[in-house]
1. Of the conditions (1) within 14 Å of chain B (Cβ to nearest Cβ); (2) hydrophobic (A, V, I, L, M, F, W, C); (3) closer than 16 Å to A:GLN6 by Cβ, A:ILE53 satisfies every one except a single condition; which number is it?
2. Counting just the residues of the stretch A:88-111 that are assigned to a strand (DSSP E or B) and of a type in the set (Lys, Arg), which one comes out nearest to the other protein chains (Cβ to nearest Cβ)?
3. Quick check on A:ALA92: is it touching a residue at least 40 places away in the same chain (Cβ under 8 Å), under 24 Å from B:SER58 (Cβ atoms) and not basic (Lys, Arg)?
4. For the stretch A:63-87, name all the residues that are within 14 Å of chain B (Cβ to nearest Cβ) and within 24 Å of B:THR38 (Cα to Cα).
5. Against the conditions (1) within 13 Å of chain A (Cβ to nearest Cβ); (2) farther than 16 Å from B:PHE21 by Cβ; (3) touching a residue at least 12 places away in the same chain (Cβ under 8 Å), where does B:GLY72 fall short? Just the number, please.
6. State the number of residues belonging to the stretch B:38-59 that are acidic (Asp, Glu) and surrounded by fewer than 15 Cβ atoms within 10 Å (Cβ to Cβ).
7. For the stretch A:9-60, what are the residues that are more than 23 Å from B:TYR35 (Cα to Cα) and outside any strand (DSSP E or B)?
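What follows is calculated from the coordinates using simple rules that are stated; it is not laboratory data. This structure is a prediction, so every number in the text was calculated from the model and none was measured. Cβ sites come from the backbone with ideal geometry, for glycine too, and all protein chains shown count toward neighbours.
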Amino acid sequence: DQQVKQNSPSLSVQEGRISILNCDYTNSMFDYFLWYKKYPAEGPTFLISISSIKDKNEDGRFTVFLNKSAKHLSLHIVPSQPGDSAVYFCAALPGTYKYIFGTGTRLKVLA
Amino acid sequence: DTGVSQDPRHKITKRGQNVTFRCDPISEHNRLYWYRQTLGQGPEFLTYFQNEAQLEKSRLLSDRFSAERPKGSFSTLEIQRTEQGDSAMYLCASSSLSLNEQFFGPGTRLTVL
């Protein structure tokens, strides 16, 4: 049973436009969420996180929104750049250490 | 500090052989994790160490798998009698006790023929 879902396997966006990546989860006990970016032949790299006590966290071009009632989070990248092309994973932290990852969304930013 | 390192980066083996992977975490990190990632999936948790103690093992980790972190520094993951279904990317990550963010190594890609 997939507890963290990323229903869009891929997304293409023009350079300079906004990229919106979505993630849904099933367990209301999840209290911390993270986004990771992964380039080919590399391990995932931490991007941004959010605690369940917040509904928004911003870091430069990256903003994560959390809607607890809908059990939904999204990552906004604006403006998108070609170097943002990668696979993005959302992850939930149901306790203190074990991540539960989604299946990933491959973002392609077109120049 | 150069981050989390893993060795080897690639391993090709024949079914039935044993393989061992090594992970060197960020030096001051107490926590160490192993994950497995197959094509089209996100990383799946395998096991967790706090210092030298293995505190959790996923049911994904069959009795052919064993992990150690003997001195609370580097860790090894051994797979005995490999099967084709073991083919995957094996990722190691580390973190400190005070932060939720985990730092991942580049992974070891295992191919079992």
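1. (3)
2. Taking the candidates together, the pick is A:ARG106.
3. Taking the combined requirement at face value, the residue satisfies it.
4. A:ALA86, A:VAL87
5. The number of the failed condition is (1).
6. Total meeting the criteria: 1.
7. A:GLU15, A:GLY16, A:ARG17, A:ILE18, A:SER28, A:SER52, A:ILE53, A:LYS54, A:ASP55, A:GLY60
Matching residues to (1) under 16 Å from the mean Cα position of the chain (by Cα); (2) of a type in the set (A, V, I, L, M):
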| site | (1), (2) |
| --- | --- |
| B:VAL4 | yes, yes |
| B:ASP7 | yes, no |
| B:LYS14 | no, no |
| B:CYS23 | yes, no |
| B:GLU28 | no, no |
| B:ARG31 | yes, no |
| B:GLY40 | no, no |
